[in-house]
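Chemist: So that we are looking at the same thing, I have put the structure below in structure tokens.
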Amino acid sequence: MNKSRVQFRNPDNLPIENVNIPVTDNGIVRNIKALDPHWVEKKDLILYERPPSGAELVLGAVDAWKSKMDAYLDNLKWLLELEYHRFWSNILYHPTCMDMLVSFIQETNPPYISPHDSKDVQKLYEDIRRLVLIMFSRLITNKESKTQWMTKEYMADLIYDNFIFTIPILWDLCLIYGADNPKHISHLMNAVFTLQPKYYNDAVQALIFVQEAFKYIILQVNKDYESDEPPNLPETFKGFGEIRRPTDNKTDKITFSILKDLVIHMLDTAMTLRIFIEVYPKCVDIVMKTNFVLSIVQLYEYGIPLLYEKLLEVGDETSVLYTEVEGYIDLARSELIDMLKEILAAHKSAIFSGEGSVASSVEAYLSVMMDVLSERLLIKDYNACYPVSEDLEMLKQAYPDIDTVKTDFILQAIYSNLDEPIPEISNDNRVNNDHIEVPNTTDNEPGPSTDNEIPDNVREQSLICEVKDILPHLGDGFILKCLQHYSFNSERVINAILEDNLADSLRGLDTSLPIIPEDPLDKKYLETGIQRLNVFDGDQFDIMTRDDVDVTKIHVGKKKEKYRNFKDMLNDKTEIKSRSDIYSKYNIVCDEEAMYSDEYDDTYDSDGVAPTADQTDELRRPFVTPRALMTGRRDAREESEESEEVEEEKPAKSKMDFCVNPEEMRARREANMQARRGRGHRPPPPRNTDVVGKPKGQGQEKETLLNRDRKEKHKSSRGNHSRRQGAQWKRSQGMMPS
């Protein structure tokens with residue numbers, strides 16, 4: 001009898017667990033259930049194997065793996081093409097069907113392993129990976145059509161009793177597919193836990209097992225770890241490979257291979273749980289129930305540092321394996337931090353979305369933070385990556401009734417080990433419609449001045465004014481004492497006074513106590529131990545408290561003046577002579593020969609060539625003998641008069657000739673151009689000033705874009721943009737009536 005010819009009929013649209021299919025065998029009609037071993041195909045299903053690489057990469061190994069995995073891929077396609085009742089019959093009753101699927105999720109590489117070097121191998125692996133995800137998605141689908149479906153209650157028992165889905169399988173699916181398919185895996189997790197609530201208790205037991213595994217890792221590298229009891233792992237457990245069980249012998253050393261297995265197991269577990277919490281945030285209740293946060297803190301505090309030390313002890317820093325294992329420790333460290341972030345993010349999401357009780361979610365968040373504060377390393381690194389003060393500020397805005405004592409304690413505990421001031425949480429309530437309004441600031445915008453930039457007295461007076469605005473009957477001194485006790489937090493001072501829960505040291509103070517300024521004499525008395533009342537107390541001439549008094553500044557009696565009168569002071573040129581060397585450095589006087597040297601390069605002069613010696617003589621004023629030096633001889637006067645007449649015959653250039661003859665200017669420029677051509681000067685090429693460029697849509701040249709930018713910047717210097725300035729210049733030149 002050919003089973004494939006038997007058609008599935010369900011005219012009443014019953015669930016397949018209640019459907020019987022008539023089958024004729026040698027003339028005998030039998031009714032067989034839709035889910036029965038009768039529908040199992042006699043087909044050999046192979047298991048998945050990881051592709052060879054490294055030392056396993058021998059001649060022909062890749063080809064053999066490809067041929068075998070092609071058959072594995074064909075088995076997956078065959079299984080997916082089966083009808084709904086045949087598919088489930090083979091899943092339930094075929095001896096190797098589920099083993100085929102589980103072998104892939106157990107043998108595939110985790111996300112932190114780089115892909116295979118061969119593109120063909122990687123492509124075949126991705127095809128198998130996609131079909132396996134489709135296969136597990138079909139396993140949680142209870143209805144494919146009107147005639148082929150099963151009830152959710154029956155499917156819940158089916159997948160749980162036959163171990164189709166288990167917590168290890170779900171976690172492996174998170175590790176393999178959670179990084180690049182988070183939405184699909186999130187839907188799968190929600191479907192499984194909603195369909196069968198029994199997985200909740202299984203997850204609790206699985207997390208307890210992980211806690212014991214973390215304790216196991218710590219004991220392997222830290223023999224001084226104080227634990228209440230040894231890890232409660234079964235004697236037959238072989239999940240850590242060749243790792244031996246911890247012994248009481250502290251001299252027993254760990255090998256590099258064992259250390260590598262420990263690190264890889266820790267990394268796999270941390271990454272798996274981080275993705276599991278990310279895609280299924282409801283599991284945070286399981287985390288809180290098992291106190292799993294404490295296990296994370298303990299592993300980070302007592303396991304991570306010792307793993308680095310053991311790696312230095314047993315590893316070779318120059319080897320590739322050493323660098324690889326060190327990178328795995330760093331990655332596991334970041335995964336533990338992100339796991340804590342996802343746990344806190346689940347509580348924050350419930351607070352901001354308003355799901356359930358906001359008060360209980362806030363309390364759960366603070367409870368997790370208090371557990372993390374039990375050790376130092378994890379909260380220190382977490383705060384460096386995700387500042388806790390920002391989260392607390394948002395929580396206070398979303399829930400103003402948050403316990404400020406716990407928030408202040410959390411901040412003080414975090415910043416007690418850091419060289420940073422504790423940030424203050426603002427009071428601005430910016431929560432509108434269940435959303436937090438965060439001010440939009442950039443790094444380039446100047447922000448408000450910090451408290452470190454404000455003087456202490458100004459800051460104290462400002463805080464005192466804030467308190468007195470609410471409680472005006474209190475004295476400034478009393479408020480200052482309260483501010484000093486509460487770390488200058490005006491909110492805490494006001495709350496403590498209004499709620500009447502001041503500290504015992506502040507209850508006995510007078511509430512009207514004023515501020516008494518400090519006496520400088522009392523301060524000097526405390527420093528020196530000498531109590532005096534003198535005008536020279538504490539100054540530079542106080543010989544009672546100083547041993548280095550400059551006696552040259554002390555003069556006894558009337559001091560003799562240096563000059564007898566004002567005339568002597570003006571005649572004293574010693575100060576001028578002492579500064580002559582300074583002015584000599586800025587001397588601008590030079591000879592005419594040096595000014596008009598033949599070696600002078602006048603290439604870039606604006607008015608042409610330099611003037612000749614005759615032209616320079618014309619520019620100078622003729623020498624005239626002063627009257628005081630003239631003699632009484634007539635001949636000398638006559639000679640001077642004749643010389644003056646001769647000099648008057650020469651055309652002297654008047655100061656009023658400020659406008660140069662254009663012909664002379666053109667002649668000079670022509671001579672300058674001739675001189676340049678004689679020295680081999682080449683005129684510069686004409687500059688391209690094109691701003692039109694190519695048609696729109698074809699792109700523009702860089703020079704065209706620069707010309708457009710240059711025109712945009714300098715367009716105000718030409719055209720009709722300077723008409724007022726031009727009119728004023730014309731009026732100043734007499735060209736138009738004013």
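Chemist: Could you list, in sequence order, the residues of the range 168-226 that are in a loop (DSSP other than H, G, I, E, B) and of a type outside the set (A, V, I, L, M, F, W, C)? Explain how you work it out, then say what you get.
Modeler: Quick first cut of the range 168-226, residues in a loop (DSSP other than H, G, I, E, B) only: 178-181, 196-197, 222-226.
Correct list: 178, 180, 181, 196, 197, 222, 223, 224, 225, 226.
Chemist: Taking the range 156-167 as the region of interest, how many residues are over 22 Å from residue 290 (Cβ atoms), open to solvent by less than 30 Å² (accessible area, probe 1.4 Å) and in a loop (DSSP other than H, G, I, E, B)?
Modeler: Count: 1.
Chemist: Next question. Confirm whether residue 145 is among the small types (Gly, Ala, Ser) and within 27 Å of residue 267 (Cβ to Cβ). Steps first, answer last, please.
Modeler: Values: among the small types (Gly, Ala, Ser): yes; within 27 Å of residue 267 (Cβ to Cβ): no.
Here the answer is no, as residue 145 does not meet what is asked.
Chemist: Same structure again: Can you give me the ranges of the helices (runs of 4 or more DSSP H) entirely in the range 303-385 with at least 2 residues that are of a type in the set (S, T, N, Q)? Full working, then the answer.
Modeler: Working: elements: 304-314, 320-353, 358-372, 377-385.
Fully inside the range 303-385 and qualifying: 320-353, 358-372.
Listed here are the residues, each with its yes/no results for (1) open to solvent by 100 Å² or more (accessible area, probe 1.4 Å); (2) among the small types (Gly, Ala, Ser); (3) modelled with pLDDT of 90 or more; (4) over 28 Å from residue 75 (Cα atoms).
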{"position": "9", "(1), (2), (3), (4)": "yes, no, no, no"}
{"position": "23", "(1), (2), (3), (4)": "no, no, no, no"}
{"position": "37", "(1), (2), (3), (4)": "no, no, yes, no"}
{"position": "46", "(1), (2), (3), (4)": "no, no, yes, no"}
{"position": "53", "(1), (2), (3), (4)": "no, yes, no, no"}
{"position": "56", "(1), (2), (3), (4)": "yes, no, no, no"}
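Chemist: I'm told residue 48 meets every condition in (1) within 30 Å of residue 113 (Cα to Cα); (2) more than 57 Å from the chain's Cα centre (by Cα); (3) aromatic (Phe, Trp, Tyr) except one. Can you identify the failing condition by its number?
Modeler: Result: residue 48 passes all but (2).
Chemist: So, in the range 271-305, of the ones that are among the acidic types (Asp, Glu) and over 15 Å from residue 204 (Cβ atoms), which residue ends up modelled with the highest pLDDT? Give the steps one after another, and end with the answer.
Modeler: The first filter runs over the range 271-305 and keeps only residues among the acidic types (Asp, Glu), leaving 278, 285, 301.
Adding the requirement that they be over 15 Å from residue 204 (Cβ atoms) leaves 278, 301.
On the way: 278: 95, 301: 92.
The selected residue is 278.
Chemist: Right, something else. I'm trying to understand the selection: among the residues of the range 287-324, which are buried (at least 20 other Cβ atoms within 10 Å of the Cβ) and β-branched (Val, Ile, Thr)?
Modeler: Hits for the range 287-324 are 287, 293, 296, 297, 304.
Chemist: Kindly evaluate residue 137 against the criterion of being touching an Asp or Glu at 6+ places or on another chain (Cβ under 9 Å) and assigned to a helix (DSSP H, G or I).
Modeler: Details: touching an Asp or Glu at 6+ places or on another chain (Cβ under 9 Å): no; assigned to a helix (DSSP H, G or I): yes.
No: the conditions fail for residue 137.
Chemist: Quick test for you: out of 132, 121, pick the one residue that is of a type outside the set (Lys, Arg), surrounded by 13 or more Cβ atoms within 10 Å (Cβ to Cβ) and closer than 30 Å to residue 36 by Cα.
Modeler: Working: 121 fails: closer than 30 Å to residue 36 by Cα.
Step by step, each of 132, 121 is checked, and only 132 is of a type outside the set (Lys, Arg), surrounded by 13 or more Cβ atoms within 10 Å (Cβ to Cβ) and closer than 30 Å to residue 36 by Cα.
Chemist: Can you go through 563, 600, 596 and tell me which one is modelled with pLDDT of 75 or more and surrounded by 10 or more Cβ atoms within 10 Å (Cβ to Cβ)?
Modeler: Working: 600 fails: modelled with pLDDT of 75 or more; 596 fails: modelled with pLDDT of 75 or more.
It is 563.
Chemist: When you go through (1) open to solvent by less than 100 Å² (accessible area, probe 1.4 Å); (2) of a type outside the set (S, T, N, Q); (3) at pLDDT 75 or above; (4) part of a loop (DSSP other than H, G, I, E, B) one by one for residue 539, which number turns out not to apply?
Modeler: It fails just one condition, (3).
Chemist: Within the set of pairs 6 or more residues apart or between chains, which connect a residue that is touching a residue at least 24 places away in the same chain (Cβ under 8 Å) inside the range 197-211 to a residue that is part of a helix (DSSP H, G or I) and among the aromatic types (Phe, Trp, Tyr) with Cβ atoms less than 6 Å apart?
Modeler: 198/160; 199/193; 207/292
Chemist: Here is a follow-up. Looking only at the range 188-208, which residues are closer than 16 Å to residue 288 by Cα and under 36 Å from the mean Cα position of the chain (by Cα)? If you could, list the steps in order and put the result at the bottom.
Modeler: Going through the range 188-208, the residues closer than 16 Å to residue 288 by Cα turn out to be 200-208.
Residues satisfying the conditions are 203, 204, 206, 207, 208.
Chemist: Just name the residue that is most open to solvent (accessible area, probe 1.4 Å) out of those in the range 487-509 that are in contact (Cβ under 8 Å) with a residue 24 or more places away in the chain and assigned to a loop (DSSP other than H, G, I, E, B).
Modeler: Ranking the qualifying residues of the range 487-509, first place goes to 487.
Chemist: Looking at the range 12-38, I want the residues that are farther than 18 Å from residue 93 by Cβ and of a type in the set (A, V, I, L, M, F, W, C) and have a partner that is open to solvent by 70 Å² or more (accessible area, probe 1.4 Å) and part of a strand (DSSP E or B) with Cβ atoms under 9 Å, at least 6 apart or on another chain. Which pairs are those?
Modeler: Going by the 9 Å Cβ cut-off, the qualifying pairs are 29/22.
Chemist: Mind listing whichever residues of the range 191-217 are over 19 Å from residue 270 (Cα atoms) and open to solvent by 50 Å² or more (accessible area, probe 1.4 Å)? Write out each step before concluding.
Modeler: Quick first cut of the range 191-217, residues over 19 Å from residue 270 (Cα atoms) only: 191-201.
If the condition is that a residue be over 19 Å from residue 270 (Cα atoms) and open to solvent by 50 Å² or more (accessible area, probe 1.4 Å), then 194, 197, 198, 200, 201 are the ones that fit.
The values are calculated or read from the model by the stated rules, or taken from the named source; none is laboratory data. Note that the coordinates shown come from a computational prediction; the quantities given were computed from them, not determined experimentally. Here the Cβ is made from the backbone with ideal geometry for all residues, glycine too, and neighbour counts use every protein chain on show. Protein only, heavy atoms only, side chains kept; ligands, DNA and RNA dropped before computing areas. Shrake-Rupley method; radii C 1.70, N 1.55, O 1.52, S 1.80 Å.
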